1. Report whether or not residue 202 is within 22 Å of residue 111 (Cα to Cα) and surrounded by fewer than 23 Cβ atoms within 10 Å (Cβ to Cβ).
2. Evaluate the following for residue 374: is it touching a helix residue (DSSP H, G or I) at 6+ places or on another chain (Cβ under 8 Å), touching a residue at least 40 places away in the same chain (Cβ under 8 Å) and within 30 Å of residue 246 (Cβ to Cβ)?
3. Which one is farthest from residue 106 (Cα to Cα) among residues in region 205-235 that are modelled with pLDDT of 95 or more and either surrounded by fewer than 18 Cβ atoms within 10 Å (Cβ to Cβ) or not assigned by TED's automatic domain parsing to the domain that holds residue 368 (or both)?
4. Kindly establish whether residue 240 is under 17 Å from the mean Cα position of the chain (by Cα) and assigned by TED's automatic domain parsing to the domain that holds residue 372.
5. Could you tell me whether residue 446 is in contact with a strand residue (DSSP E or B) (Cβ under 6 Å, 6 or more places away or on another chain) and more than 25 Å from residue 422 (Cβ to Cβ)?
6. So which residues in region 478-513 are part of a helix (DSSP H, G or I) and either modelled with pLDDT under 95 or crowded, with 17+ Cβ neighbours inside 10 Å (or both)?
7. Among the residues of region 433-474 satisfying the criterion of being in a helix (DSSP H, G or I) and buried (at least 24 other Cβ atoms within 10 Å of the Cβ), which is nearest to the chain's Cα centre (by Cα)?
8. Looking at (1) crowded, with 17+ Cβ neighbours inside 10 Å; (2) at pLDDT 95 or above; (3) within 24 Å of residue 211 (Cα to Cα), which one does residue 316 not meet, given that it meets all the others?
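The values are calculated or read from the model by the stated rules, or taken from the named source; none is laboratory data. What you see is a predicted model; the values in this text were computed from it and never measured. Backbone-built Cβ (ideal geometry, glycine too); neighbour counts: all protein chains shown.
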């Protein structure tokens, strides 16, 4: 095809130099239509080559200036003193929350029976799940069971009118403090991977937990207590310590697990035969030897963490006994948390201790309800959830009431939820299977919109369909409330700026006050 040359545009101006420059010549076809420009436009003279190259270098400099704020923010977080990695640091913006208490319902609480009523599910009870809802592969295999209604009674509570079931009567009294998110979804089908993802953002072990990211970003607000604390109420959390690991972050940011029975922390008091002066001399001598050994091993974060752990342990011997001594609390307060009843005693004590810890500057506390996956109701959900709701309802309501009465709820973000929800179809006749496609969590205090509901699942509660929120979105929102842009809270690992939300995550702005 023959072609000619057209001038496009007729005249152009170099705005940087204030001069007119030669027009770009482009080919036209026989009809006079301008032909598509080639991927690489050839230069016609040395002057044009130098001009294009010069503009390119200017663009590089301009892009550098545009990225300056991001690099400064990253550099600020990168300046971690290896001898004091938990030194207090400023977040990216003014935080709404200073601390987080995550009450984790391990095993998967049923959103359908607690916070997400589905009249259509009850209407279709006993029928096969319609094909229009799509094929479902569950943890126990292909779903082929019938739809199972909820036996709970739902009522609207508070001025907000939030629907909550009769399984949680005490929490229902705090409906106007809750920001409920009904459209969560996750990637895992089994407990180990799903608990891991809800804590670390990934179903595979190895990444830092969200509490470790908070400790890395903020440092400590109390040098005499751990920055990140975990408490269980029964068995070991499925997956164990990987759920509060520091991953590739320096080891100083990993969580500290408190015991569920007896004194929460071992060896808080030195032997009677060892005085404070002798104890201090021993630690000073040990620190001198360890620092000499570590002088040429600055990259060994585990060694640095061990050095810091000795000092923290020494300081905790004076501060921690008072912090964990629940005997100092009044009988009225203990009763508020349910510590006067056997069913709620242990989890209530953990929730009360969580309040005492954040009151003293601990950044991140996780209290597991049903640790060891006790909420996992594959069979007889009525008996299972009746027991688990009984053990968690009054302690969580007590925590909300206590924080609010002390003026701490505004600065403390309380998070409720498990690793996934439960299916609308039955398993084993009277239970529900795992449901990572649509489930509920809620938050309270710490900058969220009180008395609000965000998102929705479909009419039977199987999948999130409105304002869908992945685990990464939940993590991004929590970090935002702590004062961080999750895309800029990074750590250089294997040549890549890693972040808590991996490659995704958006702040759930509709939940924010």
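1. Numbers: within 22 Å of residue 111 (Cα to Cα): no; surrounded by fewer than 23 Cβ atoms within 10 Å (Cβ to Cβ): yes.
No: the conditions fail for residue 202.
2. Details: touching a helix residue (DSSP H, G or I) at 6+ places or on another chain (Cβ under 8 Å): yes; touching a residue at least 40 places away in the same chain (Cβ under 8 Å): yes; within 30 Å of residue 246 (Cβ to Cβ): yes.
Taking the combined requirement at face value, the residue satisfies it.
3. Filtering first and then ranking leaves 206.
4. On the way: under 17 Å from the mean Cα position of the chain (by Cα): no; assigned by TED's automatic domain parsing to the domain that holds residue 372: yes.
Criteria not met by residue 240.
5. Working: in contact with a strand residue (DSSP E or B) (Cβ under 6 Å, 6 or more places away or on another chain): yes; more than 25 Å from residue 422 (Cβ to Cβ): yes.
Spelling it out, residue 446 is indeed in contact with a strand residue (DSSP E or B) (Cβ under 6 Å, 6 or more places away or on another chain) and more than 25 Å from residue 422 (Cβ to Cβ).
6. Applying the first criterion (part of a helix (DSSP H, G or I)) to region 478-513 yields 478-481, 509-511.
Within region 478-513, 478, 479, 480, 481, 511 qualify.
7. Let us first name the residues in region 433-474 that are in a helix (DSSP H, G or I), namely 471-474.
From the residues that got through so far, the ones that are buried (at least 24 other Cβ atoms within 10 Å of the Cβ) too are 471, 474.
Values: 471: 7, 474: 6 Å.
So the residue we want is 474.
8. Only one criterion in (1) crowded, with 17+ Cβ neighbours inside 10 Å; (2) at pLDDT 95 or above; (3) within 24 Å of residue 211 (Cα to Cα) is unmet by residue 316, namely (2).
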